[in-house]
Amino acid sequence: MPNSQVPAGRGNLRERAFGAIPSIFFETSLACLGSNRLYSLSSLMTRRAIHSWLGCLAVAGLLSLHAGCSAARYRQSADREAYRLISEKSRKVDNMERKFTIEQTNRWEIDALPARPGAVDFLGDFGSAEDGAHVVSLKDALALATIKSRVYQSRREQLYLSSLSLSLARHQWTPLFSAGASARYDVNTETALLLIPDPNNPNQPKAVLSDSLVAQHKFNESSRINAGWLIRDIGRVSTAFTTDFLRFLTGDPRSLSRSQLSATFARPLLRNASYKQQMENLTQAERDLLYDIRDFTRFRKEFSVQVASAFYSVLGNRDTARNSFQNLKSSEKNAELTRALAAEGRIAQAELGRLEQQQLSVESAWINSVRAYRQALDDFKILLGVSVDARIALDDAELEALKIQRPRIDLNDAVAVALTARLDFQNTRDQYADSARKVGVAKNALNAQLDLIANASLNSGPDSPKGLPLPSPSRYSWNAGLDVDLPLDRKLERNNYRASLIAVDRASRDLSLKQDQIKQQIRDSHRALEQAERNFEIAEGAVKLAQRRVEEQNLLAEVGRAKAQDQVDAQNALNDAKNQRTQALVGHTVSRLQFWSNMGILFIKEQGEWEERDPAKALKNAEERTPNEKN
């Protein structure tokens with residue numbers, strides 16, 4: 001049929017559906033041997049084939065549109081499941097962060113903090129930068145760190161990703177569904193058949209092979225729906241429903257279609273019985289999330305101690321700059337007084353030179369102390385997660401409020417509390433149990449493979465030229481039996497089994513090492529507390545003594561009887577004693593926090609603040625919680 005004679009309805013359908021495709025695709029003419037007629041492909045393509053093409057294109061378009069629309073829903077679904085799993089496991093870990101989220105929804109900014117009026121003179125030129133700077137207390141610093149710290153956020157995200165791993169491990173034990181379809185347009189050449197008169201039967205033409213080739217066009221479509229379920233202690237069940245459709249578009253245009261419903265059941269009886277390996281993967285994923293929650297909770301404690309330590313260290317550097325500035329002013333005053341006495345001839349020029357040299361040394365020390373303070377402040381900003389350009393100043397009142405507080409707990413009791421309450425020790429202890437459990441799994445893999453297998457299917461009738469035939473209950477087939485794999489080659493499994501035994505020994509040594517390390521940390525932090533307390537007492541006495549020496553030298557200087565060396569020594573001793581007192585006070589506070597953290601009983605509140613709990617109550621809570629921490 002010429003192109004001009006294509007029926008209008010069919011031509012319009014082709015133009016509407018495939019207007020963007022070159023028309024030559026549809027207008028390919030096929031020369032049928034033995035006939036002078038030309039057949040256009042468009043005249044051979046049935047409505048059903050066209051509808052199948054349109055259906056495939058529509059499905060592809062819907063899938064593309066769905067991918068863009070569903071990305072947000074996938075993210076929300078992942079968040080809901082991850083937070084649910086973390087909340088579920090968090091009940092087993094004391095002091096885990098409530099309302100855990102990786103979204104930084106709290107937009108609390110530094111601008112909300114009060115501003116410091118006026119500049120400070122002991123910071124030199126940098127002192128003007130603190131005019132209007134926002135004053136940050138320790139409470140504010142801890143809150144800022146939990147919200148803005150890059151390290152803290154990374155640890156949150158690490159825990160979130162661990163929960164996604166568990167969600168995937170659990171997903172393997174739920175019914176799993178899949179579906180798909182495929183459509184193909186096939187063209188191939190084959191030897192043509194010629195119809196010639198049969199001399200023996202004039203009324204029936206005879207088909208003979210020709211020396212020419214003819215193009216054969218056909219359209220094939222198949223679809224499938226699959227479902228599988230790994231059921232604990234039962235086995236793996238798989239089902240599938242498939243359909244196939246074939247349409248010949250040239251020669252004898254005809255359609256063939258069929259469908260099948262099948263099911264398979266598999267259950268290992270010896271090796272990997274009850275799917276031990278898959279169960280082990282799920283169990284380990286459950287425990288790994290619990291371990292990560294413990295690690296994150298312990299990180300919160302250590303992070304708060306780190307922030308507090310850095311906070312007080314900055315204040316200590318600031319106090320050192322203040323003391324150095326006061327020392328510089330005293331040196332200038334002494335030099336000025338000595339210069340006047342030297343002008344009157346009451347003091348030798350050598351004494352004046354010594355004091356002037358001292359003044360230069362003190363000024364250099366002051367400049368260095370200001371630089372150290374500014375560097376420490378910038379480092380602290382990075383720890384908090386705020387910009388180094390942020391104009392902040394730490395609250396001096398926090399340093400003034402510090403005092404010596406001795407923990408009321410015996411060293412042996414502190415060790416006992418730590419071995420019960422320390423979350424990292426609980427992880428090490430449970431990991432030893434994990435390694436012992438894996439030995440049983442590796443040992444089971446040495447067995448022979450003996451699986452119970454059963455298959456059943458329902459099929460449709462003979463290829464149907466019309467409609468989609470459904471599977472018929474009368475056309476069934478099934479089989480059942482055993483699959484056996486004798487343990488003739490178990491080299492890999494043997495190696496894995498031996499490695500699991502070694503892993504148990506290693507885990508045992510790790511547990512013993514962790515126990516000794518915790519004892520060492522407790523003893524070391526206890527000694528650091530005692531040392532810091534004694535250093536503070538010494539520094540306190542040294543400050544009082546140095547103050548008396550400075551006052552005495554000042555009186556002698558007024559009457560011209562002071563010696564430059566004595567004045568220098570007294571002033572340096574006072575400056576050093578003040579710095580040592582501040583360092584001892586800060587060191588004792590940090591050591592006390594570290595001592596509580598090493599015992600595992602430093603309770604962290606939502607905004608990063610800590611609470612030093614009573615050791616006896618903490619030990620009781622840890623003992624009550626530990627036996628119930630099962631997956």
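Which one of these does VAL568 not meet: (1) modelled with pLDDT of 85 or more; (2) within 60 Å of the chain's Cα centre (by Cα)?
For VAL568, the exception is condition (1).
Within the range 76-121, track down each residue that is assigned to a helix (DSSP H, G or I) and open to solvent by 70 Å² or more (accessible area, probe 1.4 Å).
Selection gives GLN76, ARG80, ARG84, ASP111, ALA112, ASP121.
Cβ-Cβ below 7 Å, separation at least six or inter-chain, first residue in the range 370-393 and touching a residue at least 60 places away in the same chain (Cβ under 8 Å), second of a type in the set (Ser, Thr, Tyr) and open to solvent by less than 20 Å² (accessible area, probe 1.4 Å): which pairs?
Sorted first by the residue in the range 370-393, then by its partner, the pairs are LEU383/SER149; LEU384/SER149; GLY385/SER149.
Every residue, every condition in (1) closer than 30 Å to GLU398 by Cα; (2) out of contact with any helix residue (DSSP H, G or I) (no Cβ under 6 Å at 6 or more places or on another chain), yes or no:
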residue: VAL135; (1), (2): yes, yes
residue: ASP140; (1), (2): yes, yes
residue: LEU144; (1), (2): yes, no
residue: SER182; (1), (2): no, yes
residue: TYR185; (1), (2): no, yes
residue: VAL208; (1), (2): no, yes
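Taking the range 180-207, which residues are open to solvent by less than 40 Å² (accessible area, probe 1.4 Å) and over 30 Å from ALA266 (Cα atoms)?
Listed by number, the residues that qualify are ALA183, ALA192, ASP198.
Can you find a residue in the range 166-178 that is open to solvent by 40 Å² or more (accessible area, probe 1.4 Å) and under 17 Å from the mean Cα position of the chain (by Cα)?
Keep residues of the range 166-178 that are open to solvent by 40 Å² or more (accessible area, probe 1.4 Å), which gives 168, 170-172, 174-178.
Keeping just the survivors that are under 17 Å from the mean Cα position of the chain (by Cα) gives 168.
Within the range 166-178, one or more residues are open to solvent by 40 Å² or more (accessible area, probe 1.4 Å) and under 17 Å from the mean Cα position of the chain (by Cα).
Within the range 262-281, restricting attention to residues that are assigned to a strand (DSSP E or B) and in contact with a helix residue (DSSP H, G or I) (Cβ under 9 Å, 6 or more places away or on another chain), which residue is farthest from ALA433 (Cα to Cα)?
ARG267
Contact list please: Cβ distance under 7 Å, first residue in the range 153-170 and within 23 Å of GLU606 (Cβ to Cβ), second residue of a type in the set (Asp, Glu) and open to solvent by less than 60 Å² (accessible area, probe 1.4 Å), pairs at least six apart or on different chains.
If the second residue must be of a type in the set (Asp, Glu) and open to solvent by less than 60 Å² (accessible area, probe 1.4 Å), the pairs left are LEU159/ASP292; SER162/ASP292.
Filter the range 477-509 for residues that are open to solvent by 90 Å² or more (accessible area, probe 1.4 Å) and assigned to a loop (DSSP other than H, G, I, E, B); which is nearest to PHE245 (Cα to Cα)?
Restricting attention to the range 477-509, the residues satisfying the condition of being open to solvent by 90 Å² or more (accessible area, probe 1.4 Å) are 478, 482, 484, 486, 488-489, 491-492, 494, 498, 506, 509.
Narrowing the set further to residues that are assigned to a loop (DSSP other than H, G, I, E, B) leaves 486, 488-489.
Values: LEU486: 43, LEU488: 46, ASP489: 45 Å.
Among them, the one singled out is LEU486.
Tell me which residues, restricted to the range 409-435, are more than 32 Å from the chain's Cα centre (by Cα) and without any contact (Cβ under 8 Å) to a residue 60 or more places away in the chain.
ASP410, ASN412
Looking only at the range 406-430, filter to residues that are of a type in the set (Asp, Glu) and not in a loop (DSSP other than H, G, I, E, B); which one of those is surrounded by the fewest Cβ atoms within 10 Å (Cβ to Cβ)?
Among those that are of a type in the set (Asp, Glu) and not in a loop (DSSP other than H, G, I, E, B), it is ASP413.
Could you please give the count of residues in the range 414-447 that are over 30 Å from GLU280 (Cα atoms) and touching a Leu at 6+ places or on another chain (Cβ under 8 Å)?
Counting residues in the range 414-447 that are over 30 Å from GLU280 (Cα atoms) and touching a Leu at 6+ places or on another chain (Cβ under 8 Å) gives 2.
Scan the range 571-587 and tell me whether some residue there is over 28 Å from SER324 (Cβ atoms) and either hydrophobic (A, V, I, L, M, F, W, C) or crowded, with 23+ Cβ neighbours inside 10 Å (or both). Please lay out each step first, then the result.
Initial filter on the range 571-587 (over 28 Å from SER324 (Cβ atoms)): none.
No, because not a single residue in the range 571-587 is over 28 Å from SER324 (Cβ atoms) and either hydrophobic (A, V, I, L, M, F, W, C) or crowded, with 23+ Cβ neighbours inside 10 Å (or both).
Within the range 510-532, is even one residue under 30 Å from GLU356 (Cα atoms), open to solvent by less than 30 Å² (accessible area, probe 1.4 Å) and more than 37 Å from the chain's Cα centre (by Cα)?
For the range 510-532, residues under 30 Å from GLU356 (Cα atoms), open to solvent by less than 30 Å² (accessible area, probe 1.4 Å) and more than 37 Å from the chain's Cα centre (by Cα): absent.
Could you list, in sequence order, the residues of the range 302-356 that are farther than 26 Å from ILE367 by Cβ and either open to solvent by less than 10 Å² (accessible area, probe 1.4 Å) or of a type in the set (A, V, I, L, M, F, W, C) (or both)? It would help to see each step written out before you state the result.
We begin by selecting, within the range 302-356, every residue farther than 26 Å from ILE367 by Cβ; these are 302-308, 340-350.
If the condition is that a residue be farther than 26 Å from ILE367 by Cβ and either open to solvent by less than 10 Å² (accessible area, probe 1.4 Å) or of a type in the set (A, V, I, L, M, F, W, C) (or both), then PHE303, SER304, VAL305, VAL307, ALA308, ALA340, LEU341, ALA342, ALA343, ILE347, ALA348, ALA350 are the ones that fit.
Just for the range 122-154: of the residues that are polar (S, T, N, Q) and open to solvent by 40 Å² or more (accessible area, probe 1.4 Å), which one is nearest to ALA112 (Cα to Cα)?
Here is the first cut: in the range 122-154, the residues polar (S, T, N, Q) are 128, 137, 146, 149, 153-154.
Next, from what is left, pick out any that are open to solvent by 40 Å² or more (accessible area, probe 1.4 Å): 128, 154.
Numbers: SER128: 21, SER154: 25 Å.
Checking each candidate, the answer is SER128.
Counting only residues that are without any contact (Cβ under 8 Å) to a residue 60 or more places away in the chain and surrounded by 11 or more Cβ atoms within 10 Å (Cβ to Cβ), which one in the range 462-476 is nearest to THR264 (Cα to Cα)?
That would be TYR476.
Among the residues of the range 166-175, are any in a strand (DSSP E or B), touching a Phe, Trp or Tyr at 6+ places or on another chain (Cβ under 6 Å) and within 30 Å of ALA263 (Cα to Cα)?
No, the range 166-175 contains no residue that is in a strand (DSSP E or B), touching a Phe, Trp or Tyr at 6+ places or on another chain (Cβ under 6 Å) and within 30 Å of ALA263 (Cα to Cα).
Residues checked against (1) out of contact with any Cys (no Cβ under 7 Å at 6 or more places or on another chain); (2) touching a residue at least 40 places away in the same chain (Cβ under 8 Å); (3) open to solvent by less than 80 Å² (accessible area, probe 1.4 Å); (4) more than 30 Å from LYS443 (Cα to Cα):
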residue	(1), (2), (3), (4)
ASN220	yes, no, yes, yes
PHE245	yes, yes, yes, yes
THR264	yes, yes, yes, no
TYR275	yes, yes, yes, no
ALA285	yes, yes, yes, no
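With the requirement that a residue be among the β-branched types (Val, Ile, Thr), more than 28 Å from LEU529 (Cα to Cα) and open to solvent by 40 Å² or more (accessible area, probe 1.4 Å), what does the range 362-405 give you?
Step one: of the range 362-405, the residues among the β-branched types (Val, Ile, Thr) are 362, 367, 370, 382, 386, 388, 392, 404.
So of that shortlist, the ones also more than 28 Å from LEU529 (Cα to Cα) come out as 362, 367, 370, 382, 386, 388, 392.
ILE367, ILE382, VAL388, listed by residue number.
The values are calculated or read from the model by the stated rules, or taken from the named source; none is laboratory data. Please read all numbers here as calculations on a predicted model, not as lab measurements. Glycine gets a Cβ as well: all are built from the backbone with ideal geometry, and neighbour counts include every protein chain shown. What goes into the accessible areas is simple: the full protein's heavy atoms, side chains included, and nothing from ligands, DNA or RNA. Shrake-Rupley method; radii C 1.70, N 1.55, O 1.52, S 1.80 Å.
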